[in-house]
Amino acid sequence: VHHDLKPSNVFITFDYDVPVFQLGDFGLSCPLEESKVTKHDGFGTRLYAAKEQIDGKICTKKSDIYSLGIIFIELISKCGTFMECSKKVDRIKQGELVDDIDPIICHLISTLLTVKYEQRPSIMKLKDEIKQLIENDEVSKLKNMIVAKDKEIESRDKQIEELMDEIQKLKTQVSKE
């Protein structure tokens, strides 16, 4: 368990335009067997620390899931100050929506920030949910593109009709002269 996940400990490099994410600063990390939960003394940066870390109660993979929730808020939302970010975190924890975060994403983040660590999703479940959101977003974008193209075609069809009417009127006028 890393125990100090925060933006300054996440390093991003690019390998042929593909982002590669790496973690650094393992000073507070603790070893964890697959299902073992152990006591831990340090908790890292308070904003990113789960309640169980702050209380010094346990060391679990789900503590890092909480930290990821905070990082997600900072990635997708404007947090000009620590207080702004802290207020958004509190609102999402309470199940409220935040203006500049999509409601579906707010709900997902709220599951990461759940006080009871047992109720937070596993990293695999989180990965699947994010993948599904991305796929649904892509489908939604394609549907919107199709609707926009349909409207464009409809508009052009109307223009063609109007031009055909105008041509017919001109033909009639020319034949009368």
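The values are calculated or read from the model by the stated rules, or taken from the named source; none is laboratory data. This is a predicted model, so every value here is computed, not measured. Quick reminder, even Gly has a Cβ in these numbers, built from the backbone with ideal geometry, and neighbours come from all protein chains shown. The protein model used for the area step is the full one, side chains on, heavy atoms only, and it has no ligands, DNA or RNA in it. Shrake-Rupley method; radii C 1.70, N 1.55, O 1.52, S 1.80 Å.
Only one of the values [x] 31, 21, 14; [y] 55, 17, 15; [z] 25, 16, 15 was calculated from this structure for semi-axes √(5λ) of the Cα gyration tensor in Å; name its label.
Only one listed value fits the structure, namely [y].
Taking only protein heavy atoms and a 1.4 Å probe, what accessible area per residue, in Å², does the chain have with all protein chains in place?
71 Å²
At ASP137 and THR13, where each label point lies 7 Å from the Cα along Cα→Cβ, what is the point-to-point distance in nanometres?
2.6 nm
By average Cβ neighbour count within 10 Å, what is the ranking of 98-111, 154-167, 118-131, 58-71 from highest down?
58-71, 98-111, 118-131, 154-167
For the stretch 58-120, which whole-number percentage of the solvent-accessible area (1.4 Å probe, protein heavy atoms only) is attributable to carbon and sulfur atoms?
Ligands and nucleic acids excluded, carbon and sulfur give 59 percent.
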